[in-house]
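Coordinate-derived values only; no laboratory data. If you're wondering where the values come from, they're calculated on a predicted model, not measured in any experiment. Every residue, glycine among them, receives a Cβ derived from its backbone with ideal geometry; neighbour counts consider all protein chains shown.
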Amino acid sequence: NAIHQGLSFNGEEKVKFLKWVETLEYEMLETPRETLTIFIDMPLEFSLLLLQERVGKEGIQHDIHENREHLTRAYENAKFVSQYYGWDTVRCITDAMVLEKTSIKTREQISEEILLLVLEKLIGKVG
């Protein structure tokens with residue numbers, strides 16, 4: 001909700017919306033608070049590269065939300081929401097920041113980082 005519905009709001013209205021989502025979920029609906037939320041950060045340009053590759057390889061059509069404008073707004077809002085709520089982040093690209101496929105981390109690397117965050121939360125510092 002916070003990420004996708006939050007696209008409808010800007011500035012202070014977005015913050016009000018996020019507070020409302022918290023009130024709805026945790027107070028009114030009494031949903032248990034999550035122990036850990038991880039934002040899996042794949043920058044837009046890399047997402048678009050992977051999307052083009054998938055469409056080319058698999059012949060899959062773009063879905064209605066897979067356009068640059070929507071993806072840009074969704075990515076920027078996801079970064080805002082993750083910072084607002086203090087989520088942990090796993091970056092899906094290397095620090096080299098070269099716009100090449102080789103700079104995207106492997107699924108195994110991303111999975112390992114996620115696992116380490118979960119283990120740290122469960123048992124304390126790992127490695």
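Find, among the trypsin sites (Lys or Arg not before Pro) in region 8-52, those assigned to loop by DSSP (not H, G, I, E, B) with at most 15 other beta-carbon atoms within 10 angstrom.
Taking region 8-52 and a limit of 15 other Cβ atoms within 10 Å, the loop trypsin sites (Lys or Arg not before Pro) found are ARG33.
Of LYS14/LYS121; LYS19/LYS121; LYS14/LYS79, which sit over 20 Å apart, Cα to Cα?
Distance filter (> 20 Å) returns LYS14/LYS121; LYS19/LYS121.
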